[in-house]
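Asks: To start, I am sharing the structure in question, which I have written as structure tokens.
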Amino acid sequence: QKLAAATNSNYVVIDNKTAYKDATTYNNYYEFGTDKSEPAQSAGSLKTRPWSVSIEGEINKPMKLDLDSLMKIAPLEERIYRLRCVEGWSMVIPWIGFSLSNLIKKVEPNSNAKYIEFTTLADKSQMPGLREGVLDWPYVEGLRMDEAMHPLALLTFGMYGEVLPNQNGAPVRMVLPWKYGFKSPKSIVKIRFTNKQPKTAWNTTAPREYGFYSNVNPEVDHPRWSQASERRIGEDGFFTKKRKTLMFNGYSEVASLYSGMDLKKYY
Amino acid sequence: MTPTLKQQSIIKASLFVAALLPFLRLVLAVFTDHLGANPLEFITRNTGDWTLYFLCITLAVTPLRRLTGWSWMVKLRRMLGLYGFFYASLHFLTFLWFDHFFDVAEMLKDVVKRPFILVGFTAFILLMPLALTSTNKMIKRVGAKRWQQLHKLIYLIASLGVLHYFWMKAGKHDFSQPVLFGSIVAILLLLRLFWAIQKRQHEQRLSVG
């Protein structure tokens, strides 16, 4: 299903786009299985309409928005972002959505709103992977308020000129290109504003391996592998070396969010 | 029930071909682009899986032989063990080639820094003397008794292999397969322990008697 959006030329990278087939068949979406080929095979059972997102917590205007109203908050734009997975591979994907800040302004956070917490769908009847106790479901992710307000943080409804395929997080997900991929929650059903740092899924499960911030950082290794380089899917392979990973995945405009923070400690 | 010598060599030859199939399948998949979006990850995992399968199969020969009384099966063991080494070598080669582009110094740095790689690497290094002493000539040179002692290393190697896999999967909390492999190896080793204790008790009884 087509989704029209004009390209925002401020957010275009010179890298080659990843093939649509690779971006839609090589996915980490554990609610549909831990194997990367599983989401594409089993996410057909996800019902993305009707869909609504509940927005609550430390805000003046709590609301429950259906998908169509949510998509009308701001004009949709296409942005081509690099995506770096914590596992050491990367892609380049044309997403469609708008800055999350548009939604945040609309619901008017109060002075207690320090963090934003995303809860994603966890429905056993639609998601076969929930039977496995890999994580504590539902999958929860979170950001500090200033991170969430950053224009790069994209509330996303589509990719490659179409609505999101189910395995890529339909019907609405976040895309945070300066953070490892798992920080971008898929199939969001609830957005809550809080004054405490949210207990996020991977951070709770394996705190030594996955920090709350999880910014892309070539200098801070994962305990079990190096983060200094990455394999670009479809490009780096048999006869090309892996490429160097860039600080904040190349999105240096977010650096000021973390000035003064020890990024080895707040990994 | 013992197959004739001719039947035995047919069994061995079929097994040789069968054990080569995973490798042929991998080669075919490379050339027909059937390895998915991240072919190198696929090759790494696939060769790792087959290494573990062959270690388990090799370890299963002695218990199977004892439980069934098919003593001729021992003739298959060397080939199975060497296949384990073959797939381990491919697994190591993918790591050295695709992760480090044959930069041995970088590779070693990676090995030392990361416990799960160190464990796998150690297991691979330990496999080498076993592969090198697998010929009849070498058995004679080393001496049957010492050769047997040396080849008990396989118990350690298989355990390290499972630990390597377990650790690799630990970050994702996906333990179903490592636990399966771990249980199989544990059963195969415990059976040996059980028989060893039984034998010792038997000997003690004899000496007392």
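Asks: Pull up segment B:91-104, narrow it to residues that are more than 14 Å from every other protein chain (Cβ to nearest Cβ) and in contact (Cβ under 8 Å) with a residue 24 or more places away in the chain, then point me to the one that is farthest from B:V17 (Cα to Cα).
Replies: To start, the set of residues in segment B:91-104 that are more than 14 Å from every other protein chain (Cβ to nearest Cβ) comprises B:91-92, B:104.
Narrowing the set further to residues that are in contact (Cβ under 8 Å) with a residue 24 or more places away in the chain leaves B:91-92.
Working: B:H91: 20, B:F92: 22 Å.
Result: B:F92.
Asks: Are any residues in segment A:195-238 over 16 Å from A:G88 (Cβ atoms), of a type in the set (V, I, T) and touching an Asp or Glu at 6+ places or on another chain (Cβ under 6 Å), and if so, which ones?
Replies: A:T200
Asks: Look through A:Y210, A:Y266 and report the one residue that is closer than 24 Å to A:F118 by Cβ, touching a residue at least 60 places away in the same chain (Cβ under 8 Å), among the aromatic types (F, W, Y) and in a loop (DSSP other than H, G, I, E, B).
Replies: It is A:Y210.
Asks: State all residues of segment A:193-205 that are in a loop (DSSP other than H, G, I, E, B) and either surrounded by fewer than 21 Cβ atoms within 10 Å (Cβ to Cβ) or among the aliphatic types (A, V, I, L, M) (or both); if no residue qualifies, say none.
Replies: We begin by selecting, within segment A:193-205, every residue in a loop (DSSP other than H, G, I, E, B); these are A:195-200.
Scanning segment A:193-205 gives A:N195, A:K196, A:Q197, A:P198, A:K199.
Asks: Which one is nearest to B:F181 (Cα to Cα), of the residues in segment B:1-32 that are within 14 Å of another protein chain (Cβ to nearest Cβ) and modelled with pLDDT under 90?
Replies: By that ranking, first place goes to B:V30.
Asks: Here is a further query. Hey, any hits in segment A:69-80 for a residue that's farther than 30 Å from A:N16 by Cβ and free of Cβ contacts under 8 Å to residues at least 24 places away in the same chain?
Replies: Yes.
Asks: Specify the residue that is nearest to B:F92 (Cα to Cα); the eligible residues are those in segment B:153-176 that are over 17 Å from the mean Cα position of the chain (by Cα) and part of a helix (DSSP H, G or I).
Replies: Selected residue: B:M168.
Asks: Another one. Looking only at residues in segment A:193-208 that are under 16 Å from the mean Cα position of the chain (by Cα) and within 12 Å of chain B (Cβ to nearest Cβ), which one is nearest to A:T120 (Cα to Cα)?
Replies: Once the filter is applied, the top-ranked residue is A:A201.
Asks: Pick from segment B:177-209 the residues that are of a type in the set (G, A, S) and assigned to a helix (DSSP H, G or I): which of them is farthest from the chain's Cα centre (by Cα)?
Replies: Only one residue fits best here, namely B:S207.
Asks: Scan B:M138, B:M107 and give me the residue that is away from chain A (no Cβ under 14 Å) and either under 21 Å from A:H222 (Cα atoms) or surrounded by fewer than 19 Cβ atoms within 10 Å (Cβ to Cβ) (or both).
Replies: Within the list B:M138, B:M107, the selection yields B:M138.
Asks: Follow-up. Does A:Y180 count as surrounded by 21 or more Cβ atoms within 10 Å (Cβ to Cβ), touching a strand residue (DSSP E or B) at 6+ places or on another chain (Cβ under 7 Å) and within 14 Å of chain B (Cβ to nearest Cβ)?
Replies: Values: surrounded by 21 or more Cβ atoms within 10 Å (Cβ to Cβ): yes; touching a strand residue (DSSP E or B) at 6+ places or on another chain (Cβ under 7 Å): yes; within 14 Å of chain B (Cβ to nearest Cβ): yes.
Criteria met by A:Y180.
Asks: Which one is farthest from the other protein chains (Cβ to nearest Cβ) among residues in segment A:212-261 that are closer than 20 Å to B:V111 by Cβ and hydroxyl-bearing (S, T, Y)?
Replies: Within segment A:212-261, the match that is farthest from the other protein chains (Cβ to nearest Cβ) is A:S229.
Asks: Filter segment A:125-158 down to residues that are part of a strand (DSSP E or B), over 13 Å from the mean Cα position of the chain (by Cα) and of a type in the set (A, V, I, L, M), then give me how many there are.
Replies: Going through segment A:125-158, the residues part of a strand (DSSP E or B) turn out to be A:140-144, A:154-158.
Remaining after also requiring over 13 Å from the mean Cα position of the chain (by Cα): A:144.
Add one more test, that the residue is of a type in the set (A, V, I, L, M), and what stays is none.
Total meeting the criteria: 0.
Asks: Quick one: A:K190 ticks every box in (1) within 14 Å of chain B (Cβ to nearest Cβ); (2) within 22 Å of A:Y115 (Cα to Cα); (3) charged (D, E, K, R); (4) assigned to a strand (DSSP E or B) except a single one, so which number is it?
Replies: (1)
Asks: While we're looking at this one, here's another question. When segment B:33-87 is examined, which residues are found to be within 14 Å of another protein chain (Cβ to nearest Cβ) and assigned to a helix (DSSP H, G or I)? If you could, list the steps in order and put the result at the bottom.
Replies: As a first pass, look at segment B:33-87 and keep what is within 14 Å of another protein chain (Cβ to nearest Cβ): B:33-46, B:49.
Passing the criteria: B:P39, B:L40, B:E41, B:F42, B:I43, B:T44, B:R45, B:N46, B:D49.
The values are calculated or read from the model by the stated rules, or taken from the named source; none is laboratory data. On a predicted model such as this, the values are computed, not experimentally measured, just so you know. As a convention, Cβ positions derive from the backbone with ideal geometry for all residues, glycine included, and neighbour counts pool all protein chains shown.
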